[in-house]
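Below is one structure, written out as structure tokens, with a few remarks after it.
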Amino acid sequence: METKIFKVDSAESPLIREAADILKSGGIVAIPTETVYGLAGNALDSSVTQKIYKAKGRPSDNPLIVHISEFSQWAPLVKSIPETAKALADKFWPGPLTVILPKSDIIPDEVSGGLDTVAVRMPSDEIARKIITEAGVPLAAPSANTSGRPSPTSARHVIEDLSGRIDAVVDGGDCDVGVESTVISLAVSPPRLLRPGGITPGMLTEVLGEIEIDDAVYNRLAEGQQAASPGMKYKHYSPKAQIVLIKSDLDTFIAYAKENATESSAVLCFEGEEKDMPLRTVTYGKKDDALSQAKHIFDALRKLDEIGADKVFARYPKSDGVGLAVFNRLIRAAGFNEIEL
Ligand code: AMP
Ligand code: MG
């Protein structure tokens, strides 16, 4: 199929209607959100959600997040909305937070990946919200990448992975946050953080009191261990290169990279450090600025492929606040390969 490209610079663009018409008639369209680009389709039509899994090559037990544009769209999707969920939505919606609750019967099994819960989010990106409103239905929208590749933060990334496999891409420019939403489950007590993102553990505890952080946020799942968030068990965010995350000061890092480099090695470092590096470099934001690291990490991982790096020495991010989301993506991209010097 030919993938249409709609270049949209505001929520007022008439092209939004065209994208919504495709969604209304059962098509799948990549849309910009503040986190990453999502591959959207009618969440209540299982034949559409099957197309999403197929286009991405996504394992069928990895559930999809349902995107809404009005609070009133939430209640029909879930068994009930507890006070804690309302409090989270009041504080963080629209925004990069996904809330998991027991699902209602209108959610197709494909969307919940066979679980009895459903993940819902209201994006803050105005183009995304307008598309949902115009489509008139909640939209299932996993990240618009080929499964396993780094998530897409620009329309160019989507086209690289999915051109010819989806009906259209709405190009709304680069994503602001740059990592996928924070995912919290309220289907368990205490609430459990399944994936870190732009809404930090500290922000969540302010509203919820105690929360637990799922083991899979930091660690590789053990063989046979059940994943609370099925997505966490899959290989993720991976460039072709073998990445090693190095915890050390800058001088030790440089010496190690110099000593262990091959001809095709590269360095993944912070902006401003390039001039000191002995190898080709790709940067991912500024040191001590987790927001800028989040915004650039996925593009940086794609760039490492573009320059044909086979082995990559990566600077270690801080893992507090939004940094936890950056660390979580990078340690997965590295296949949990880290050393401390
Ligand atoms: P993506 O949309 O590609 O960013 O991935 C969505 C993430 O949310 C995956 O890691 C899923 O495993 C997770 N997720 C979605 N729905 C649920 C659910 N009902 N229970 C647990 N995790 C979920
Ligand atoms: Mg994804």
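Points worth noting:
- Pairs of Cα atoms nearer than 8 Å and 6+ residues apart set the relative contact order; for the chain it is 19 percent.
- Overall shape: prolate for the stretch 3-65, with the ratio a/c of the largest to smallest alpha carbon gyration tensor axis at 1.5 or above and a/b above b/c.
- Based on C-alpha pairs under 8 angstrom that are at least 6 apart in sequence, the stretch 217-341 has a relative contact order of 37 percent.
- Once the Cα atoms are used to define both axes, helix 83-92 deviates from the longest principal axis of the chain by about 60 degrees.
- Couplings 3J(HN,Hα) for the stretch 328-340, derived from phi with the Karplus relation 6.51 cos²θ - 1.76 cosθ + 1.60 (θ = phi - 60°), are 4, 6, 5, 5, 6, 4, 8, x, 6, 8, 9, 9, 10 Hz, where x marks Gly and Pro.
- Share of Cα-Cα pairs in the stretch 160-253 lying beyond 20 Å, as whole percent: 59 percent
- Fully extending the segment from A261 to F71 would add 63.1 nm, taking 0.36 nm per residue of separation and subtracting the current Cα-Cα distance.
- Based on the Kirkwood approach, the hydrodynamic radius assigned to the stretch 47-111 is 13.2 Å, with every pair of different Cα atoms included.
- Take the Cβ atoms of Q242 and E12, set R0 to 56 Å, and the FRET efficiency comes out at 0.75.
- On Cα atoms only, tilt of 290-306 relative to the major axis of the chain in degrees: 70 degrees
- Among beta bridges that DSSP assigns inside the stretch 72-197, antiparallel share in %, nearest 5: 65 percent
- Cα centroid separation - the stretch 65-132 against the stretch 1-64, whole Å: 17 Å
- Those lysines that a straight Cα-Cα span of less than 25 Å connects to K247, excepting residues fewer than 8 apart in one chain: K233, K235, K258, K275, K286, K287, K295, K303, K311, K318
- Counting every alpha-carbon pair across the stretch 1-140, the share separated by more than 24 Å comes to 26%.
- When the alpha carbon gyration tensor of the stretch 91-248 is reduced to an equivalent ellipsoid, the three semi-axes, largest first, read 25, 22, 17 Å.
- Dipole in debye (nearest 20) - the stretch 301-341, about Cα centre, beta carbon charges: Lys, Arg +1; Asp, Glu -1: 120 debye
- The spread of Cα positions in the stretch 172-212, taken along each principal axis and listed from longest to shortest, comes to 38, 19, 12 Å.
- Seen against the Cα atoms of the chain and their longest principal axis, helix 250-260 is set at about 80 degrees.
- Beta bridges assigned by DSSP with both partners in the chain are antiparallel in approximately 35 percent of cases.
- Inter-label distance, S25 to D310: 4.9 nm, where each label sits 7 Å from its Cα along the C-beta direction.
- Between the alpha-carbon centres of the stretch 296-318 and the stretch 238-278 there is a gap of 10 Å.
- For the chain, the convex hull spanned by the alpha carbon atoms encloses 128 Å³ per residue.
- Scattering from the stretch 213-341 was approximated by placing one identical point on each alpha carbon and applying the Debye formula without solvent; log10 I(q)/I(0) at 0.09, 0.13, 0.23 1/Å stands at -0.24, -0.51, -1.46.
- Overall form of the stretch 250-312 per C-alpha gyration tensor (a/c, 1.5; a/b vs b/c): oblate
- For the stretch 165-243, the set of GluC sites (Glu not before Pro) satisfying both a DSSP loop assignment and a count of at most 16 other C-beta atoms within 10 Å is given as E210, E223.
- Overall size of the stretch 215-284 from C-alpha positions, given as principal axis extents largest first: 44, 24, 22 Å.
Values in this text are rule-based calculations from the coordinates and carry no lab data. Being a predicted model, the structure only gives us computed values, none of them experimental. No Cβ is skipped: glycine too gets one built from the backbone with ideal geometry, and neighbour counts run over all protein chains shown.
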